[in-house]
Amino acid sequence: MKNIVVLVSGSGTNLQRIIDTIEAGEIQNAKVALVVADRECYGLERAKKHHIDTVLIPRGKNFSSELAKIIPENTDLIVLAGFLSILKSEFCENWTGKIINIHPALLPKFGGKGMWGMNVHHAVIEAEEKESGATVHFVTPGIDEGEAILQKSFEVTPEDTPETLAGKVHQIEYEIFPIAINKVLGN
């Protein structure tokens, strides 16, 4: 059984999707062993409802070192699911190839500092992009610079708003996150 640690900052909808796909057998031979949050959030409640251990480490300059202390040694994959804190270089390097993130755009476009949530969708609309989507990528010390594992796109229409893009991206995230997790775990 492969152990997954999920890092969250918000409502935990992608965490819930991971839990659901494990329970449905779409992600095989794996379990969410721990959920870590950098702030009080509903993602912690979702984990508790499924009897998954949780830890709250308040965000700040010591977050990565505190996180390093509590990640079990037998962790096979660390998944950032709506996680907003930036991990320190040393932490990323210690877990090279074992940390993934989902980003609400087609990286390398619209990635980097400040490019999260609605900021991304506003930027896509302002740039008059013809397509958008989501990317699952490896986490490296550079923000959103890791190798893409899986991307999926959709057409941006003239009627789209940042809010409609957010909805479309979220559906793609639900679709590709379990596939990417299986790929990285070798399932």
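Scanning the stretch 51-82 for residues that are open to solvent by 20 Å² or more (accessible area, probe 1.4 Å) and closer than 17 Å to VAL139 by Cβ yields ARG59, SER65, ALA68, ASP76, GLY82.
Against the numbered list (1) over 28 Å from GLU26 (Cβ atoms); (2) assigned to a helix (DSSP H, G or I); (3) among the acidic types (Asp, Glu); (4) open to solvent by less than 60 Å² (accessible area, probe 1.4 Å), ASP160 comes up short only at (2).
Quick one: which residue in ILE176, ILE125 is out of contact with any Gly (no Cβ under 7 Å at 6 or more places or on another chain) and closer than 17 Å to ILE27 by Cβ? Break it down into steps so the answer makes sense when it comes.
Numbers: ILE125 fails: closer than 17 Å to ILE27 by Cβ.
Sole residue among the options that is out of contact with any Gly (no Cβ under 7 Å at 6 or more places or on another chain) and closer than 17 Å to ILE27 by Cβ: ILE176.
Exactly one residue out of ALA47, ALA33 is under 19 Å from PRO178 (Cβ atoms), open to solvent by less than 10 Å² (accessible area, probe 1.4 Å) and at pLDDT 95 or above, and it is ALA47.
Kindly establish whether VAL124 is closer than 24 Å to PHE91 by Cα and open to solvent by less than 20 Å² (accessible area, probe 1.4 Å).
Details: closer than 24 Å to PHE91 by Cα: no; open to solvent by less than 20 Å² (accessible area, probe 1.4 Å): yes.
Here the answer is no, as VAL124 does not meet what is asked.
Do the conditions hold for HIS170, that is, is it part of a helix (DSSP H, G or I), open to solvent by 40 Å² or more (accessible area, probe 1.4 Å) and not aliphatic (A, V, I, L, M)? Talk me through it step by step, then tell me what you get.
Working: part of a helix (DSSP H, G or I): yes; open to solvent by 40 Å² or more (accessible area, probe 1.4 Å): yes; not aliphatic (A, V, I, L, M): yes.
For HIS170, the condition - part of a helix (DSSP H, G or I), open to solvent by 40 Å² or more (accessible area, probe 1.4 Å) and not aliphatic (A, V, I, L, M) - is met.
Within the stretch 132-157, if we keep just the residues that are among the charged types (D, E, K, R) and surrounded by 12 or more Cβ atoms within 10 Å (Cβ to Cβ), the residue that is nearest to the chain's Cα centre (by Cα) turns out to be ASP144.
The values are calculated or read from the model by the stated rules, or taken from the named source; none is laboratory data. Bear in mind that the values here come from a model prediction, so they are computed numbers and not experimental data. A quick note on method: Cβ atoms are made from the backbone with ideal geometry, for glycine too, and the neighbour counts reach across all protein chains shown. To get the accessible areas, we keep the full protein, side chains included, count just its heavy atoms, and leave off ligands, DNA and RNA. Shrake-Rupley method; radii C 1.70, N 1.55, O 1.52, S 1.80 Å.
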